[in-house]
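K.L.:
Following this message is one structure expressed as structure tokens.
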Amino acid sequence: MSAPDISAILVAGDEGPRIGISLHSLVDAATAARSAGLTVEATVVLAAATPGTRAALVEAEEHGVRVEALDATDPGAARNQAAAAAAGEHLAFLDGGAVWTQNWLVAAHALCAGGGARVIAHPEIHWFYEVGRELYFPPDQDDPGFDPAALRFGNCWDAQALAATAVYREVPFAELGADAEPGELDWHWSRATVEAGYRHRVVPETVNFRRRRPRTLR
Amino acid sequence: MRQWASRVRPTAGADGPDVEETQGLASSVFERLRWCAHPRFYLAQLDEGERGRLGDEPGVEAVVKHYLEVGAPRGLRVSALFNPDWYADRLAEIGLAVPDGEVPFLHWLRTGWDRRVVPTPLFDPDWYLEHHPVLESHPRWILHHYLTRGCYQPQWVPSPAGRHHGGAADDGAARRQDPLFLPELLHRAVDHDLTRTSWLEEGVRAVLDRRRRLDDPALRTQIDIAADLEPGLHSPLRVELPTVAPPYAHPGTRMAEAATAAHSALGVDQVDTVVLVPHCRMSGAARVAGLFTDAARVAGGPDSVAVVSTDLPVFERPSLFPDDVRVLDLTRHVAGMAQPARRDVLHDLLQALRPARVVLINSLLGWQLVGERGEDVAGFADVGAYLFTWEIDEHGHRYGYPVGPFQQGLPHLSWVLFDSDRMRAELVDRYLMPAAARDRMIFLRNPIADFSVDVGGVLERRRAAGLPVRVLWAGRFDRQKRFDLVVDIARLRPDLEICAWGKPVLEDIDLDPDDLPPNIRLMGVYDGFDQLPLDEVDFLLYTSGWDGIPNVVLEGAQSGLPIVASAVGGVPEVVTPETGYPVAEVDDPAAYVAAIEALLADPAAAAARAAELRRQVHQLFDADDYRSRIAKLLAEGPMS
């Protein structure tokens, strides 16, 4: 049996009942991808998930989503563990509390599959909405004005990306501990992947919705 | 003749201030032009020779005049808030165009302004009003508010692309007509034709273009589907926050280039010691920074030391530092950046310089860096610091580097130097420091200045000759130095002739020269204590309310002057009843008068004390000893 095209992984933590919205988004995007002829392994990983979050996910498998409890509680270690267990050729992370546009998996997979193994796909827009809409357009590393040195002072990309699963194994997430500032993990990973020679690209017509912009994402 | 020429040509033979006559513009239009003029932006479009002719800070009037005579015909922009291409597009939307040959900016001032045409991508009136509803009552066109106030104050957000600047306030911005966004506008200036556009304007256009992507039907469909799932993503009832679209507006883009430019401006790849100073002006700390730098340079050799000035673009006394030590004005590179951006640029610069040690000598930015990212800095360099004295606020409470910053930085400090044993003892005692911490707190006397003066005997000769009693007071006319006591003393003893040298630096007191007693003479600034007429005065008066070991006291002592001094901070380590006339009741003018009268009552005894003081400071405050101890500290660490 061949590996699925995509492992779509929702990382659940302390979201409580809100995780249901993210689960729904995962299911919708996976369904859209399957309709486009892709094979998708949809998984929720429980990384230090609170009882409220676990309770909200008790019927996840009825929606075709495998639920996996992780030993790791460190956010970076949890993602690394999830990446190690993923069966797909490509891997997409969705943070608990976030929402993808329905086309995300299809469009991001198309970019990565057509752009070579060293591409990391990001949505065209990060849309934050808790304190008023705030749009963030991540840069495409191929933009002529982009200077990677800017990463020394602030992050450019969220780690809710899609890339070949091998990328996550070659450049694992840093284990910064539970006290790390939101976004630090993403920033570390951005720098590490750029240093490793990967190219961060954006996928037109896709959006990732989250409640709050991390300070590191500038 | 081109149409603009007839409108900007000065009228021959006109005289007087009538702008209508001399500038060829209606007074209301000329007033608008003055509001819009941004001298520093205009200067950036001139070549070096033209800039030189206008001067570094030519002011609005001179720039407007130059623009009308030279800049307008050449297509230069005098206003950072006028973009000719943007204006042409907005005019076209209402079926208008700039007539052939007319200067677009002058057309806007005459015509576009009255039709409320916004001539720049940097300002969106709807966004401005929505985010600042208090401006609904602004009596003029809302762009007028941004032009005359908003662009000079950090709190105003003029566009969906945000504030356009790093958020730092600049008290002089409105006076100079330097919009706060100017550093962003001039970023990568060589890559842009500033007469038409800039890094900032391109960035704002990019944001606006990307925001229009939300109108794309395919994207709209996807957003609508997501909103069906989570209606909250539209943030109903909330005001939108600015959009960010790197590389434009990503602070890291400018910060990275600032750090690289600063490193390049320093002109050296790596140094052993970086000395962080706030600025260099008339202060004892500046002198000590120079002494330490010299000692470190002697120990490590040329190019082993760099001085980085971090807080103010002032370097008035470069002669305090060795000629062959490189000095960097970091403030020039971080202009307009708010914290923590300036801190992070300094951190990046230090990492690039790979020093063995970083030494803080009253640098606020340096203390902030060590307080907030001390673990990072200590990971690649030893961190040393100098502490001189705390400050006292108007309520009598202590603050300053030995209070909060020292506490924050203490875990990361390899050593701290004190020029006053009392200051060191106070900190050791307050923290009940164990031996390992105490050993890192080092008392080291600063060397006396390198001049040889001995006015021993002058007091006795002047008294014997019956000359008026002349008093020397020298220092900063700042709150700390208590010049108010000098005024009181002068009133209590009108027979004293007090010669006061120095100038206000911090400008934290009101000093009206016309309201001083007639027996106080303001002598102006001085360049070196030994340049003062020391053999024409009877004694030195020192009145500071708090201090460490003041240079002026040491310099008076080494010159053989009798000294009457407030017994504050480290002063009693120098001026004792055996060597001078310390005043314990430091706030009481009568106590100073009593000390002065004791001095004058027995000139021979006063001269003897001054001679003993001179002998002591020459013995204890020795330059060679200072250099050798600094060399040992840098080579072997504080436990040596």
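The values are calculated or read from the model by the stated rules, or taken from the named source; none is laboratory data. As the structure is a computational prediction, the values presented were derived from the model and not from experiment. A quick note on method: Cβ atoms are made from the backbone with ideal geometry, for glycine too, and the neighbour counts reach across all protein chains shown.
K.L.:
Being among the hydrophobic types (A, V, I, L, M, F, W, C) and surrounded by fewer than 19 Cβ atoms within 10 Å (Cβ to Cβ) is the filter; apply it to the stretch B:249-279 and report the residue that is farthest from the other protein chains (Cβ to nearest Cβ).
P.N.:
Within the stretch B:249-279, the match that is farthest from the other protein chains (Cβ to nearest Cβ) is B:V268.
K.L.:
I'd like the full set of residues that are surrounded by 18 or more Cβ atoms within 10 Å (Cβ to Cβ) and over 24 Å from B:G569 (Cβ atoms), limited to the stretch B:500-518.
P.N.:
Residue satisfying the conditions is B:L516 alone.
K.L.:
Could you list, in sequence order, all residues of the stretch B:215-246 that are among the aliphatic types (A, V, I, L, M) and exposed (fewer than 14 other Cβ atoms within 10 Å of the Cβ)? Show your work before the answer.
P.N.:
So in the stretch B:215-246, the residues among the aliphatic types (A, V, I, L, M) come out as B:218-219, B:223, B:225-227, B:229, B:233, B:237, B:239, B:241, B:244-245.
Passing the criteria: B:A218, B:L237, B:V239.
K.L.:
Only one of (1) surrounded by fewer than 24 Cβ atoms within 10 Å (Cβ to Cβ); (2) free of Cβ contacts under 8 Å to residues at least 40 places away in the same chain; (3) under 37 Å from the mean Cα position of the chain (by Cα) fails for B:I630. Which number is that?
P.N.:
The one condition B:I630 does not meet is (2).
K.L.:
Count, please, the residues in the stretch A:186-211 that happen to be within 11 Å of another protein chain (Cβ to nearest Cβ), surrounded by fewer than 22 Cβ atoms within 10 Å (Cβ to Cβ) and either outside any strand (DSSP E or B) or in contact with a helix residue (DSSP H, G or I) (Cβ under 6 Å, 6 or more places away or on another chain) (or both).
P.N.:
Counting residues in the stretch A:186-211 that are within 11 Å of another protein chain (Cβ to nearest Cβ), surrounded by fewer than 22 Cβ atoms within 10 Å (Cβ to Cβ) and either outside any strand (DSSP E or B) or in contact with a helix residue (DSSP H, G or I) (Cβ under 6 Å, 6 or more places away or on another chain) (or both) gives 2.
K.L.:
Given (1) surrounded by fewer than 22 Cβ atoms within 10 Å (Cβ to Cβ); (2) within 20 Å of A:H126 (Cβ to Cβ), where does A:R152 come up short, assuming only one miss?
P.N.:
(2)
K.L.:
Please go through the stretch A:171-185 and pick out each residue that is within 14 Å of chain B (Cβ to nearest Cβ) and not in a loop (DSSP other than H, G, I, E, B).
P.N.:
A:E184 - this is the single residue of the stretch A:171-185 that is within 14 Å of chain B (Cβ to nearest Cβ) and not in a loop (DSSP other than H, G, I, E, B).
K.L.:
Which residues, counting only those in the stretch B:322-341, are away from chain A (no Cβ under 11 Å) and either under 15 Å from B:H263 (Cα atoms) or assigned to a helix (DSSP H, G or I) (or both)? Give the derivation first.
P.N.:
First, the residues of the stretch B:322-341 that are away from chain A (no Cβ under 11 Å): B:322-336, B:338-339.
If the condition is that a residue be away from chain A (no Cβ under 11 Å) and either under 15 Å from B:H263 (Cα atoms) or assigned to a helix (DSSP H, G or I) (or both), then B:V325, B:R326, B:V327, B:L328, B:D329, B:L330, B:T331, B:R332, B:H333, B:V334 are the ones that fit.
K.L.:
Could you list, in sequence order, the residues of the stretch B:464-508 that are among the β-branched types (V, I, T) and either part of a loop (DSSP other than H, G, I, E, B) or outside the structural domain of B:V593 (by TED's automatic domain parsing) (or both)? Step through it out loud before you land on a result.
P.N.:
Kept after step one, since they are among the β-branched types (V, I, T), are these residues of the stretch B:464-508: B:469, B:471, B:486-487, B:489, B:498, B:505.
Correct list: B:V469, B:V505.
K.L.:
Moving to a separate point now. Taking the stretch A:97-127, which residues are in contact with a strand residue (DSSP E or B) (Cβ under 7 Å, 6 or more places away or on another chain) and at pLDDT below 95?
P.N.:
A:G97, A:G115, A:A117, A:R118
K.L.:
Kindly indicate the residue of the stretch A:127-157 that is at the interface with chain B (Cβ under 9 Å from one of its Cβ atoms) and among the acidic types (D, E) and also nearest to A:A192 (Cα to Cα) among those meeting that condition.
P.N.:
Across the stretch A:127-157, the extreme among qualifying residues is A:D147.
K.L.:
Identify, from the list A:Q102, A:Q160, the residue that is within 12 Å of chain B (Cβ to nearest Cβ) and assigned to a loop (DSSP other than H, G, I, E, B).
P.N.:
Step by step, each of A:Q102, A:Q160 is checked, and only A:Q102 is within 12 Å of chain B (Cβ to nearest Cβ) and assigned to a loop (DSSP other than H, G, I, E, B).
K.L.:
So, in the stretch B:193-213, exactly how many residues are loosely packed, with under 14 Cβ neighbours inside 10 Å and either under 24 Å from A:G132 (Cβ atoms) or at the interface with chain A (Cβ under 7 Å from one of its Cβ atoms) (or both)?
P.N.:
Residues that pass the stated criteria total 2.
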